[in-house]
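Laboratory data are not the source of any read-out in this text; all were calculated from the coordinates shown. All of these numbers come straight from a predicted model, not from anything done at the bench. Cβ placement follows ideal geometry from the backbone for every residue including glycine, while neighbour counts extend to all protein chains displayed.
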Amino acid sequence: MKDFKKGILFLIVTTLVTLVISACAGVSLSKAHSAYGNSYAISTKKRMRAFRSDQEIKSYFRELAEKMQREQGRRGAGMPMESQATANTTAAQPTPAMGAVADKAGTAAKDEESVTNVQHEGVDEGDIVKLHGNQLVILRRGRLFTVAIGDNSLKPLSSTNAFGPEIDPTDTWYDEMLVSNDTIVVIGYSYERGGTEVGLFNIDDAGNLRYRSTYHLRSNDYYSSRNYASRLIGSKLIFYTPLYLSPWDADPFKSFPAVRRWHRGAKENEFQRIASATRIYRPEHSVTGASGLALHTVTVCDLSQGELNCQATGVVGAPGRVFYVSPDSVYVWTSDWTWEDNKQRADSMLYRMPLDGSSPTALQVSGSPVDQFSFLESEDKHLNVLVRSNAAGDGMWSAEVAAGDVALMRVPLDSFSDGSEAVPASQYQQLPKPAGYTFENRFVGDYLLYGTGSGWGAPEQGQKSNLYTVRWTDGELSELKLAHGIDRIEVLGRGALVVGTDGENLHFTGIQLGERPEVAHTYTRKDASQGEMRSHGFFYKPDGPDSGTLGLPISVPGRPGYQHLFTDSASILFLRNQSLDLHELGELDSHPERAENDNCRASCVDWYGNARPLFVRGRVFALLGYELVEGRLDDGKIREVRRISYAPRRLSVTRREE
């Protein structure tokens, strides 16, 4: 196990170093203006053009291959273009070892309380714990578990493998889970079978689990250190998956969106295409394929029909990508990197793929977002996106090394067209470039907030940072000095919360977002670090417009961010917010010394974390590995009431003495 951890860490560090080197040779956003220009008009009549037939798709790829070959000859490079494109595509497509470190959707049938820290209310995101009636459903290390919480209970109920009885889980990572009515969906990526694996399970009112079926979607690895592959709106399951292509492939359709139902001995020819030629689109702007080629695919599966009924839409573009899901659309930002005169140049496209099934639209854009939090589809019918000049998308760990100039793009939604037109420079506001490495950003209310921290790396002693706030409606900029780095930005009522370390202590700073942003209050938890890096590790439960309770996993001081993969969180810290005045309620601790060997067969690294604060129907829980601890607020302090282990080999309840 020690050697396994070292191997994973080596791959993480090597990948990050490679991405940093690539980012250092970036492009410029110098054409971006320092303030917004006047609104501009682009035809709203034009939409992206779909292919009319499979033959037209073949002709398109053949012409693209010939164009790429001519371009290679013009540049006089030593490697044949076909080999170069294949190498680029292979580089974009992670190896198994790399992956190892690594109509409108409708309304929900049940008005369940959310336990997931989502970006948009009503757009659920795949996570490791969900609520079903009177049960918590937990996905951990290749298994599903249910725990009863009804009638003030806390009792393990049922468990099963997160894969079918005929499936070998070797080289498969079961990452995300969603619950729709009485259906549990487990999403994973299988290197053994290739593609995204979707497992369906039934859950009844008593919390009993029953395996139903497994499906495979063609895709390349969707892993991102920040983003999530799946969303759920009502009964509609939404996936974003990249499919890397080669224009020289004699049969390009073997890489096109398709699904098959799994059974023992399932064959490749059982895949059924779920995107006809008329659901594949290309922009009017030329796709060069210089850094590879991808079919960016959005798949919508209806879970109300019993079995998986899916339809896909794809757009042809460059392999670098960031995707964002609003309540109405999926946005995919792609970047194609080329070299001219020893300088790197990004050719970027932004695709808008409506969830009502209408045709996609596109715009030519500059730079690249850092992650999904770089986007906001605002209620005034605009899309707001923070971009950096040297960002390469959010695949794998690319988001952790975004660098270069910073700008805020703001465009009307009706400016999207067929991809033949570019966003003018007047729609980019040049912003200050922060010092530091790991970049965090978030839209909160009328503001965009951004800055840098230590992220997956080791924190610096005495680290300080500048927090930049931009009012996206008019571009007004403010700068706030913080006595700590910026590793997390969250919504906190009508304000914001910034969490970061100074190398030894963990700071929680409330930001007042009024007419002029300002620091409201800072709470410091001495000798601590974040125990979870992902957005889902945090949760805030409001009980008024300016009051509520928050929870965050914490660990030992000075711990590098990547250690959350190998070392569990020590506890979950709970704070009370009252008009951004934060004070400690207490902690619910883990008991790692009681852990037993779970005979893990699959997903034996918690890439998506294993600790969550949970606020359910007036009760407070801390999910800490295989422990579920319940706390109770008493005289302004949280105290442990009881805890259970739901581990597969040992089920026990320990009640604390009153």
Violating pairs (Cα-Cα greater than 24 angstrom) within the set LYS46/LYS381; LYS130/LYS155; LYS130/LYS526; LYS155/LYS236; LYS433/LYS464; LYS130/LYS541 | LYS130/LYS526; LYS155/LYS236
Spin-label point model (7 Å from Cα, Cβ direction): what's the GLN272 to LYS481 distance in nm?
-> 6.5 nm
Cβ density ranking, 10 Å radius, fewest first, applied to THR288, THR452 yields THR288, THR452
Using unit Cβ charges (K, R positive; D, E negative) and no other charged atoms, how large, in debye to the nearest 20, is the dipole of the stretch 259-391 about its Cα centre?
-> 480 debye
Return SER555, SER420 ranked ascending by Cβ neighbour count within 10 Å, so the fewest neighbours appear first.
-> SER420, SER555
Zone reached by a paramagnetic label modelled 7 Å from ARG639 Cα along Cα→Cβ, restricted to the stretch 534-562 with backbone N below 16 Å, covers none
Could you work out how far apart the two model spin labels at ASP151 and LYS464 are, taking each label as a point 7 Å from the Cα in the direction of the beta carbon, and quote it in nm?
-> 5.9 nm
If the chain between ASP527 and ASP251 were fully extended at 0.36 nm per residue, the gain over the current Cα-Cα distance would be 93.6 nm
Just rank SER415, SER276, SER53, fewest to most, by other beta-carbon atoms within 10 angstrom.
-> SER53, SER276, SER415
Under the 7 Å Cα-to-Cβ spin-label approximation, HIS591 and ASP446 lie apart by a distance in nanometres of 5.2 nm
Burial order of peptide ranges 297-304, 139-146 (average beta-carbon count within 10 Å, highest first) = 139-146, 297-304
Given the Cα-Cα distance of GLU166 and ARG494 and 0.36 nm per residue of separation, how much length would full extension add, in nm?
-> 113.1 nm
Cross-link partners among aspartates and glutamates for LYS481, C-alpha distance below 16 Å, same-chain residues fewer than 8 apart left out?
-> GLU440, ASP502, GLU518
